Each structure stands twice: as C-alpha cells, then as structure tokens.
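This report refers to the structure that appears directly beneath it.
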Amino acid sequence: MRELDRGAAARIAALALVVLLAGCAAGPDPSTPTPGDIVVAGVGDEIVLLDCATVVPVTGAAEVLGVRADELAAQWSTDGTTVPATATVSEMMAAEALRSAGHYECRYALAAGATGGPAVSVSMLPDAAAEFARVQSDSNDGLNNMLPADVGDQAFTGCRGGEWQGCRAEILVGTTWLSISVGTPEPDPAALLAYARTVTDSVASLKLARPAGPTRPECGYLLSPHDLTTSAGLNDPSGVDALDLGEPGSLAVAGQIRGGLVSCAWSTEAGSPGVALMILPGRGSWTAMPPGVAVSTAALDPIDLSAESGARWPASGVQALAGCSGDGCTVTLLADGVWLTVTAAGATDSSSATALAVAAYARYVDAV
C-alpha cells in the first residue's frame, strides 16, 4: 500500500471520509457546569480539586472580550457521562479520547449570544512538551504560522480576521501545553498577550496528572489492502492516519493520539468511494448515550454480530449498531471495552462495513 502523501488527491478523498463518519451536524458547546464539574490535579504531592472558575476566572475572560462578567456563561463539562444531544458518533469518540488523555478545557461565551459569537477557550494537556516540540520544531518560524511570544517557557501567538475573527496563543508552561483562543470581532494582540500571561501564571502553579497512553496500532496493520479490496471494492487503496501532529498538529490532535484514538481513512486515486475507521480503547459515552441516538448520516439500529463469520468476540459478547444512507453504510460496535466504528462510503448494505469491522477488531485486540 502506498502512503497517502504520494497522492494529494487521494489524501483529500480519504480525509473527506472522516467528515462523512462525523455526520452532518456539529455538536453544540459543552453544557453549563454543575457542582460536580471538577477535575483532579496534583499540586506538589497533594491531590486537590480543580475547577475552571478557579484556574480560568470569568473576570479575566470578560476583560479580554471587553464585556461584563455577568454577560458571560461558563460552558464546560468534565463529566464523561454527559453528552450533547446532537453529538455525532465520531465526536463522542474523540471527546472521550481527550478526557482519557488528561485534557482539560474551560470556556466562556456570551450567555445570550449566537453560536460563533465572542468566546474564550482555554485548553490544557499535561506533560506534552514532546508533542509541542514536534508540532513546532523551529522556534523561529512560529507554530502554525504564528509568531514567537514572551509567555511561559515557549509560546506563539497570532490574531486574524476573516471567517473567524480573534486571537490564539499556543504556550508551553513547564511541560503543560496551554492553548488559548479568544474569539472577538476586534482582535487585540496586546490584550491577548496580557490575558495569556495571567492564565499561564495560574497554570504554572499546578501539576496536572498525565494518564498512561494506550497502544495505538498503525492503520495499515488494522486493515490490509486485501481487506479493502475484497470487502469494499477498493483497488490499490491509499491510506492516511487522520491524526497527524504535522498536518498541522494541534493540542486536540495530540490529546486524541495520547488517548489512544485511532482514526484512519482509505481511498483510491481514481476517486472510488472509500473507508473510514475509528477505534477508541474504552466504553466512552456508549452507555450514557448509545450511538443509535447520536447524529449520523445514517439511522443506526441494533444488529447481532455474535455469529459473524471470522469474528473473535470476547466472552462478554458484542453490542453493535448499523445503518445505511445515500452516502454509505456505518457499523459501530462495543466489545470488551473497545469501541470501533467503520463507514464504507458508497455501500448499499452493511455487509462490507461489517466485514471490515470484524477484521479491524481482531487485529486491534491482537496488537494491544
């Protein structure tokens, strides 16, 4: 199998499959926090309860946005069992991977504002100095076309207008990767820098825990060219790992990789409909909100895979859902704490996606 970077057209087609897997609707902002919305972090050798209101106060967010504090609403949820009603299957899996990686996010937006209005978002990924350096190996060039800034141990900032108006800062504080986004119609680089320093000082006093990352098999190992040709009709398929720190990388991508999320896509240069695969090493929010209720391009209904030819299911069994639409067919399953989803674009029934899911599950279990 050739790597996807040998064909730009194949890369675009393969990545489009990830969009198909995500469904056609975007999830809303996280829910308003409750008293239970806390994360555990360590300060020195002590364990403390940390909430966003303490680390990222609303007063600072209001100041950088130029609004009153009482105009802002906190929008975060660290409760892994709470899932927005319009979340897609892929969004649910990606969110759980971030949570498993020790990723924290605090966000404030106008309480009465429309989606996409002024907002402040602060994300943290502990013990991520290596990932930060991999994304930005040359400190003179700027991270993702941003400029170096005197904040934390290393930082890059940038402001722009256009479709999205605002400022961003990517900061390394000790070994914690801090990402700050300020969405406002009047971007102010000086205000961003001042706010970034305040948040950096707050985060610098914390020691956030980094969970151990699970094994993450290569896409080419999980599904072979033979699998893709036999089950999905892809001749000479090219594959891509959709989670790549260099294309360009981000804190969210780094967190999803660390959380063990697998996101692969295959297509052909001839433009044949392709295949998308996602695997999450954990139940995630499956129990809290089964994917049958999640947004998808296809309505997902329960199916029985227990007798599927070639399957090697655990003694605890397998739960699965499947559905088809004009775009293709999707199969998503949970077996022994592994959540796996396959979408076969252009398929008219779920047999091809089912065969690929069975093969990918068996190889994933062998690898980990």
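Just one of the numbered conditions (1) within 27 Å of A360 (Cβ to Cβ); (2) among the small types (G, A, S); (3) in contact with a helix residue (DSSP H, G or I) (Cβ under 9 Å, 6 or more places away or on another chain) is not true of A194: (1). Residues in the stretch 183-196: is at least one out of contact with any Leu (no Cβ under 8 Å at 6 or more places or on another chain), outside the structural domain of A95 (by TED's automatic domain parsing) and acidic (D, E)? For the stretch 183-196, residues out of contact with any Leu (no Cβ under 8 Å at 6 or more places or on another chain), outside the structural domain of A95 (by TED's automatic domain parsing) and acidic (D, E): absent. Only a single criterion out of (1) closer than 21 Å to S351 by Cα; (2) surrounded by fewer than 23 Cβ atoms within 10 Å (Cβ to Cβ) is not satisfied by R216, namely (1). Checking the stated criteria, T354 turns out not to satisfy the condition of being surrounded by fewer than 20 Cβ atoms within 10 Å (Cβ to Cβ) and either more than 12 Å from V89 (Cα to Cα) or modelled with pLDDT under 85 (or both).
The values are calculated or read from the model by the stated rules, or taken from the named source; none is laboratory data. These numbers come from a predicted model, not from an experiment. Every residue, glycine as well, gets a Cβ built from its backbone with ideal geometry; the counts of neighbours run over all protein chains shown.
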